[in-house]
Amino acid sequence: MRSSLHRSTRPASPAVRPFVPAILAAMASFTLVPGTASAQAADSNAAQLAPVVVTSTRTAQAITEALPHTTVVTQQDIANAQAPDLRTLLRSQAGVEFATNGGMGSNTSLFMRGANSNQALILIDGVRVSSASSGTAQLANILPDQIDRIEVVRGNVSALYGSDAIGGVVQIFTKSGAGQPPAANAAVEYGSNNTRQGTVGYGGQVGDTSFNLTGSAFKTDGFSSINTKQAPRANPNDNPYENQSVSGQVKHRFTPNWDAGITGYYSKSKLSFDSAFGRPTDENRTNSELYTLSAFVNGKLGADWTTHFKLAQSEDRSDTFLNGRPNGTFNTRNRQFNWQNEYALAPSHTLLFGTDYLQQELDSSAYGAPTRNVFSVFGGYDGRFGKHQLQLNARNDHYSDFGNQGSFFAGYGYNLTDAFKLIANVSNAFRAPTFNELYYPNFGQPNLQPERARSLEAGVQYTTASAGLLRVTAFETRYRDLIVSAQQPNGMFLAQNVNDAKVQGIEASWRARVYGTDIGASVTFQNPVDEQTNTQLLRRARRHAALDVGRDIGNWRFGGEWLLSSSRMDAGSRRLGGYGIVNLNARYNIDKQWFIAARVENLFDKDYQLAYPYNTQGRAGFITLGWRQR
């Protein structure tokens, strides 16, 4: 297999352009497939179409009732994908793009609907995990072994969650064991770049108590993260990465109306990375830790009143080293308290009200920062009147460093038929300045104001047992007071509220089982524009799409994924070429307990970049042996 070091980035192939419309056409044609041949298949589809989600309203509802565009990556999806990291798991989602500075474990940026990477909120079991200094989360260090499911909500939902939810919310739920008999599982993997991985877990439910404990270890020799033809001063050696993580959860139901529990997640990693501005002999390393710990109580204060308490803490710790010597520390601690209530006014009519408290502390070798305290109150209504559906949310966040920030969400749905629903949403959102933007020496400005955004959406949803769940959404988000690094007359760069931006687009997602074949597709057309310079926002494509298929044949399962993207701009007015990537996977169930699986990443060894001048994975193969107690 060729090393990424020796590959060069080629411009986008003209053939990429018709691929995205082709995906959309395929979605439309498959959606019109008539009823399946058997009742059993229809029942399977119905179960697949209606997973319960909580992120879109903070209360449980069927995904078909969610007014914000919401999708779910289920436990079965995770098993089928054989994805090694969160980026690989989510890169086929509508409206979702990533940029990475190299291979596994490298710095990873998430862009949702063209929003900046610090404008998407990441939650693990309801707990914020973003760094107070950068505003982003350690996405590269969250591996799928610990994950039960992921809910992805697109668009402004600050009225539910406060700051950072301009582009949307990604909520990760760790494994709980609820509703399953106690069982153990284990798996080992080996593949390209001398990649080794092992996972072991045990969980299930005994009476009124559910529990799960899963641990994993990952190690790879990696490849050189920087293309030395584009950055000759970078170290040309491969960049290894290792990660150890564990998650645990226990919940006990004390009475029919009350339960309580604790949940935790911990990840520790070591990454070798390259710098384009050092010396070819430099060795750079980052040691990172990420953890969440929470205790919760759920219960009923009356026949119609449900309440939830959660006390949580998370830490994002990062230490960098140059040639073995420390050269940077950024440690964030988030403490949270949440009290949420739902009151059923009548069947299909629910009031939501509660309060959140967040305390953020930063310990950094670069600068000092005061503790930030955020006290929030929120309320909402979710109801249905026959064919009409309404969601209203409002929230006020009081920040100790810049005062009050209000946000709202108003959504409306109308069922033309049992299958067709029209949807319209209007909302606003904000992002609080990070500590880097406020206090970093010779850059931060303590008087910065939050970024603001306002969004409009209109969409249609089509749902049947045979055609699956199709959602098409047109959206527009306008940003003001964007915080940018602005050059001053003296040559210094300072953080300032100077930019406005706009993202207009249309996105579609579809998932169904058609004649025994699982099909998922997404497509996004968008125009992410910096209105100050009338240029395309960096590292965001105007068009991207994905198609994945999978089919069970006896004891076998075969699957594949096709990812497409048009070109993107990067710093220095560089244009990164568009690309098309094909990935394959297969699984064989040896018996009821043992299985063997394999996947091929980047089957055709495509040369492409997600960020300049960083390499991406060339053709690579991996094989897994797994066992689950029955």
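Taken together, the values in this text are just the output of simple stated rules run on the coordinates, not laboratory data. Owing to the predicted nature of the structure, the values given are computational and were not obtained by experimental measurement. We place every Cβ from the backbone using ideal geometry, glycine too, and count neighbours over all the protein chains shown.
A few remarks follow.
- Distances between placed amide hydrogens fall under 5 Å for residue 125 paired with 172, 173, 174, all partners being 5 or more residues away or on another chain.
- Region 263-321 and region 454-519 have Cα centres spaced 26 Å apart.
- Per DSSP, loop trypsin sites (Lys or Arg not before Pro) in region 319-425 with at most 14 further Cβ within 10 Å: 387
- Out-of-range pairs (alpha-carbon distance over 24 Å; input 229/502; 175/310; 219/251; 268/606): 229/502; 219/251; 268/606
- Counted charge near residue 237, where neighbours are those whose Cβ lies closer than 13 Å (Asp, Glu -1; Lys, Arg +1): -3
- Subtracting the Cα-Cα distance of residue 50 and residue 233 from 0.36 nm times their residue separation leaves 60.6 nm of extension gain.
- Computed over neighbours whose Cβ is under 12 Å from that of residue 439, the net charge equals -1, Lys and Arg +1, Asp and Glu -1.
- Spin-label pair residue 287/residue 590, simplified geometry with 7 Å Cα→Cβ offset, distance in nm: 3.8 nm
- Computed from the C-beta positions of residue 325 and residue 630 and an R0 of 56 Å, the FRET efficiency is 0.60 to the nearest 0.05.
- One decimal place: the segment residue 556-residue 349 gains 70.0 nm when fully extended, by the rule 0.36 nm per residue minus the C-alpha distance.
- Where labels lie 7 Å past Cα in the beta-carbon direction, separation of residue 535 and residue 420 in nm: 4.4 nm
- Adding -39500 (n - 2.57) for every DSSP H run of four residues or longer, then dividing by how many residues the chain holds, sets the calculated 222 nm ellipticity at -2000 deg cm²/dmol.
- Theoretical FRET efficiency, 1/(1+(r/R0)^6), r = Cβ-Cβ of residue 412 and residue 480, R0 25 Å, to 0.05: 0.50
- Residue-by-residue Karplus 3J(HN,Hα) for region 77-90, coefficients 6.51, -1.76, 1.60, Hz, glycine and proline x: 4, 5, 5, 5, 6, 6, 6, x, 8, 5, 4, 4, 6, 9
- Between amide H atoms placed 1.01 Å from N, distances below 5 Å from residue 451 occur with 431, all of them 5 or more places distant or on a separate chain.
- Extension reserve of the residue 582-residue 400 stretch, reckoned as 0.36 nm per residue once the Cα distance is removed: 60.6 nm
- In sequence order, calculated HN-Hα J values of region 245-250 (Karplus, 6.51, -1.76, 1.60; Hz; x Gly/Pro): 9, 8, 9, x, 7, 9
- Sorted by Cβ neighbour density within 10 Å, fewest at the top, the residues 308, 349: 349, 308
- Taken along the Cα-to-beta-carbon direction at a fixed 7 Å, the label points for residue 311 and residue 333 span 1.5 nm.
- Shown in residue order for region 506-514 are the 3J(HN,Hα) couplings computed by the Karplus curve 6.51 cos²θ - 1.76 cosθ + 1.60 at θ = phi - 60°: 9, 10, 9, 9, 8, 9, 7, 10, 10 Hz (x for Gly and Pro).
- Exposure proxy shown here: for 569, 104, the number of other Cβ atoms within 10 Å sets the order, fewest to most, as 569, 104.
- Note on region 184-246 and region 547-608: Cα centroid distance 18 Å, given to the nearest whole angstrom.
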